[in-house]
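Note sheet for the following structure.
Only the coordinates and a few stated rules stand behind these numbers; no lab work does. Keep in mind it's a predicted model, so treat the numbers as computed, not measured. Positions of Cβ are generated from backbone atoms using ideal geometry, with glycine treated the same way; all protein chains shown enter the neighbour counts.
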Amino acid sequence: MAKILPLIEYGHLDYGENKVQEAIEKWSDIKLEKPNIKLHLIGKLQTNKVKHAVKIFDFIHSVDSLKLVTKIADEQQKQNKNVKLFIQVNIGNEEQKSGVKVDQINELLIFSKKLNLNVIGLMCIPPANEEPSKYFREIKLLNKSLNLTELSMGMSSDYLKAVENSSSYLRIGSSIFGERN
């Protein structure tokens, strides 16, 4: 938190966290003091953590299943809160990565809208050892074809290429704060 406090005092508003429990510990008091701060869950969300995630986060960048959106919709109704969501797309069809396959995006988006969820865009993490630009271009076109307005893509190693492809949310924490311990 020592590295984040100067940014908060300077007026920076958006922060990403990978884990729900860490976010609760770090941000609960700060968000009470500074309600204009927006927290983004950029890590995988398990259904058993949805209750806590909806409570602390303003954005969830890792929506990837019908089961998860159902749980989010139920919890948002209970808490009377509207979280902005990104559908995570497994753009490289990698077995080890989360996210929906490209041909499943539309089904998840339609289902989410039926549940009155606020899906604002797509999120992707391209394969690590490949040129990311082609994946960023593909997600940009998919996002546009679905009439979604926001894109969550680009990390410390490839954010410039993501920006060239209209990314609106970047995950560049390690470039700012250093690698995680």
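For the reader, a short list of remarks on this structure follows.
- Cα gyration tensor category, rounded, prolate or oblate, for the stretch 67-181 with a/c compared to 1.5: prolate
- Distance from the stretch 11-69 to the stretch 76-125 (C-alpha centre basis), Å: 15
- Cα-Cα over 19 Å, subset of LYS71/LYS97; LYS3/LYS34; LYS84/LYS161; LYS44/LYS78; LYS44/LYS144; LYS51/LYS84: LYS71/LYS97; LYS84/LYS161; LYS44/LYS78; LYS44/LYS144
- Note on the chain: with a GNM built from Cα contacts shorter than 10 Å, the maximum mean-square fluctuation among HIS40, HIS12, HIS61 falls on HIS12.
- Most mobile of LYS140, LYS55, LYS34 in a GNM of the chain (Cα contacts under 10 Å): LYS34
- Per-residue Cβ neighbour counts within 10 Å put SER152, SER28 in the sequence SER28, SER152, beginning with the fewest.
- Loop-located GluC sites (Glu not before Pro) in the stretch 10-98 (DSSP state not H, G, I, E or B) with no more than 14 neighbouring Cβ atoms inside 10 Å: GLU94, GLU95.
- Extreme residue, positive dipole direction of the stretch 65-129, given options LEU85, ILE105, SER65 (C-beta unit charges): LEU85
- Restricting the stretch 113-151 to GluC sites (Glu not before Pro) in coil, as DSSP defines it, with at most 15 other Cβ within 10 Å: GLU130
- In nm, spacing of pseudo-spin labels at GLU95 and LEU13 (7 Å Cα→C-beta vector): 4.4
- With viscosity 1.002 mPa s and temperature 20 °C, the Kirkwood radius over alpha carbon pairs of the stretch 102-166 converts through Stokes-Einstein to a diffusion coefficient of 172 µm²/s.
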